[in-house]
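What follows is one structure encoded as structure tokens, with my remarks underneath.
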Amino acid sequence: MLKLYNSLTKTLVDFQPLHPPKVGLYTCGMTVYDYAHIGHGRKYVGDDILRRVLTRFSYEVIHVQNVTDVGHLVSDADEGEDKLEKGAKKTGKTVWEVAEFFTKNFYDAMDKLNVLRPSIVCKATEHIPEQIALIEKLLVKGIAYDTPEAVYFDVTKFAGYGSLFGQKLEEKNTAVRHNVKTGEHKRHSADFALWFKRVGRFSDHVMHWESPFGDGFPGWHIECSAMAMKYLGDTVDIHTGGIEHQAVHHPNEIAQSEGATGKQFVRYWIHHGHLMIDGTKMSKSLGNIVMVEDVVKKGFDPMALRYFYFTAHYKKPMNFTWEALHAAQNAFIELRLQLSAISNQLAAKKRTQLSEEKLEKIDAYRQKFDDALGNDLNMPQAVAVAWEVAKSNIPGQDKYDLLLDFDEVLGLGLAKESKVSAKGGSAYGRKSQKSKVSKEIKLLMEKREVLRKEQKFDKADEVRKTIEEKGYVVEDTPEGVRISAK
């Protein structure tokens, strides 16, 4: 049984989709006006694990993810300029070019982290009619109101709005009042824009469409409701997002969706914790933004970053340091080495009949792994089980098969070649020999390089001796590390 923590009800509950075995999964996507960073990586790897776990538990997942390419203002509460236009000014591109460029950047970064592509990727700009239709429903029901500057959702018309995710409307009032230039005709400071009109501060907004309520563009919140319901129906099984979305974006999604349909919008809400950098929030002003590409340039395998994410539960805040990533890469390489060593042994051995005891042990490991996944996606525990298997005394072929089975969820590509960048300081250096070496030797070289970066020179020398005992010469040069057969 899969148990998930529902952040709306704040309870750990058994997962029961509306139409099993099908599961509708909606994951809040990027606002594509700037580069994807490792904080985004944590959230989307978390979503990827959820999807893989659902598949492992025999569900058929329809994964929908939006691309916000219009309407998201600098403040989530309707203040400031459109982020896409801000990105256009910064880069010297058009807003359309900005959206295309950073959409590609985001998915390229997620590909490096082995995040599965969604079943459906939907752009806000390609779903304007659906958003307009939803706004019209809210106007007809009297839950929204039209003004000269915008169409607003009336939060006082949706019972319980102020208590969503454990907040109080008074608190929302205070928060919004300090952060928002309330529209001239806005009735309540917590009311939010469904459609901005191309007047006043937005009179020269580049992205705009005709609508029954005037020329303009949609607000940020309406896109997720319109697209989620278009592809997954009025009620969605699971909706994910960052913890910061609990304050404004997700309460607004619930209010406008349920206000329009009268049905529960989402059955299970999942929110991912923040990723800090050296104990500080990532910020452009502090200059501490780290992108996935930065990780690769420093010589790390992107899968080491993925492994790093698994060292904390998805709900908890997490602190990134380069030292912690070194440790994650060391562990990741060691796990690959274990698998490589097993693979080499299998070539010389035939599979034997297993005893009842060994069969029971294998089943117990598989159940233990699934129990960790089923306990609200407990990845630290699941990885620990993988290590137990790697160090166990079960037969090599079964150990190999079991670890690859686990890797269907872990997504670490344990049986693949490493992607560590030579330019960033991998074990091979820029002018390494082209001679063919086994995967095991390559992994040992990577392990040695990680130990050297961590200044664990005694252990690095031990790895070097192991490589030399296997028939290779390792030479450290100013241009990099060279390896050749004796």
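Taking label points 7 Å from Cα along the Cα-to-Cβ direction, residue 312 and residue 101 give a separation of 3.1 nm.
Each Cα pair under 8 Å and six or more residues apart adds its separation to the average, and for the chain the resulting relative contact order is 16 percent.
For residue 94, the accessible surface of its heavy atoms amounts to roughly 70 Å² (probe 1.4 Å, protein chains only, rounded to the nearest 10). Computed with a 1.4 Å probe over protein heavy atoms only, the accessible surface of the stretch 89-172 comes to 49 Å² per residue.
Pairs 83/186; 3/104; 186/316: which exceed 27 Å Cα-Cα?
Numbers: 83/186 22 Å; 3/104 34 Å; 186/316 37 Å.
As for pairs spanning more than 27 Å Cα to Cα, those are 3/104; 186/316.
Peptides 245-251, 287-293 ranked from most to least packed, by the mean per-residue count of other Cβ atoms within 10 Å: 245-251, 287-293.
Using mean Cβ contacts within 10 Å as the protection proxy, how do 62-68, 338-344 order, highest first? Can you show the working numbers first?
Details: 62-68: 22.0, 338-344: 17.6.
Highest to lowest by the protection proxy: 62-68, 338-344.
With the highest mean first, a sort of the peptides 13-21, 106-114 on other beta-carbon atoms found within 10 angstrom per residue produces 106-114, 13-21. Nearest 10 degrees, 0 to 90: what angle lies between the long axis of helix 439-453 and the longest principal axis of the chain (Cα atoms)? So the inclination is approximately 70 degrees. Per-atom-type breakdown for the chain gives carbon and sulfur 51% of the accessible area (1.4 Å probe, protein chains only).
Rounded to the nearest 10 degrees, the angle from helix 457-469 to the longest Cα principal axis of the chain is 60 degrees.
Computed from Cα atoms, the angle from the helix 322-346 axis to the main principal axis of the chain rounds to 50 degrees.
Shape of the stretch 12-133 from its Cα gyration tensor (a ≥ b ≥ c, root eigenvalues): rounded if a/c is under 1.5, otherwise prolate when a/b > b/c, or oblate? Could you put the intermediate results ahead of the total?
Values: a/c = 2.30, a/b = 1.71, b/c = 1.34.
Judged from the Cα gyration tensor, the stretch 12-133 comes out prolate (a/c at least 1.5, a/b above b/c).
With a simple spin-label model that places each label point 7 Å from the Cα along the Cα-to-Cβ direction, the separation between residue 18 and residue 346 comes to 4.2 nm. Label-to-label distance for residue 140 and residue 10 is 3.8 nm, based on points extended 7 Å past Cα in the beta-carbon direction. Dimensions of the chain along the principal axes, based on C-alpha atoms and rounded to the nearest Å, stand at 80, 56, 34, largest first.
With each run of n ≥ 4 DSSP H residues scored as -39500 (n - 2.57), what mean residue ellipticity at 222 nm is computed for the chain after dividing by its residue count and rounding to the nearest 500 deg cm²/dmol? Intermediate results must be reported in sequence, preceding the final value.
Working: 15 runs with 209 residues, N = 486.
For the chain, the value works out to -14000 deg cm²/dmol.
Legend: calculated FRET efficiency, residue 93 to residue 384, from the Cβ-Cβ distance at R0 = 51 Å, rounded to 0.05, equals 0.65. For the set 475, 126, solvent exposure ranked by accessible area (probe 1.4 Å, protein chains only) runs largest to smallest as 126, 475.
How much accessible area per residue does the stretch 281-398 have, in Å², with a 1.4 Å probe? List each step's numbers first, then the result.
Details: 5620 Å² over 118 residues.
The answer is 48 Å² per residue.
Treat every Asp and Glu Cβ in the chain as -1 and every Lys and Arg Cβ as +1, leave all other atoms uncharged, and give the resulting dipole magnitude about the Cα centre to the nearest 20 debye. Write down the numbers at each step before the final one.
Working: 69 positive and 67 negative charges, 305 e Å.
Taking the Cα centre of the chain as origin, the dipole is about 1460 debye.
Would you give the gap between the C-alpha center of the stretch 309-330 and the C-alpha center of the stretch 182-257, rounded to a whole Å? The two parts, judged by their Cα centres, are 34 Å apart.
Might you report the magnitude of the Cβ-based charge dipole of the stretch 119-270 about its Cα centre, with Lys and Arg at +1 and Asp and Glu at -1, to the nearest 20 debye? Let's see the in-between values first.
On the way: 16 positive and 19 negative charges, 58 e Å.
Magnitude of the dipole: close to 280 debye.
The values are calculated or read from the model by the stated rules, or taken from the named source; none is laboratory data. Being a predicted model, the structure only gives us computed values, none of them experimental. Neighbour counts run over all protein chains shown; Cβ positions are idealised from the backbone, glycine included. Keep in mind that these areas ignore ligands, DNA and RNA; they rest on the heavy atoms of the full protein, side chains included. Shrake-Rupley method; radii C 1.70, N 1.55, O 1.52, S 1.80 Å.
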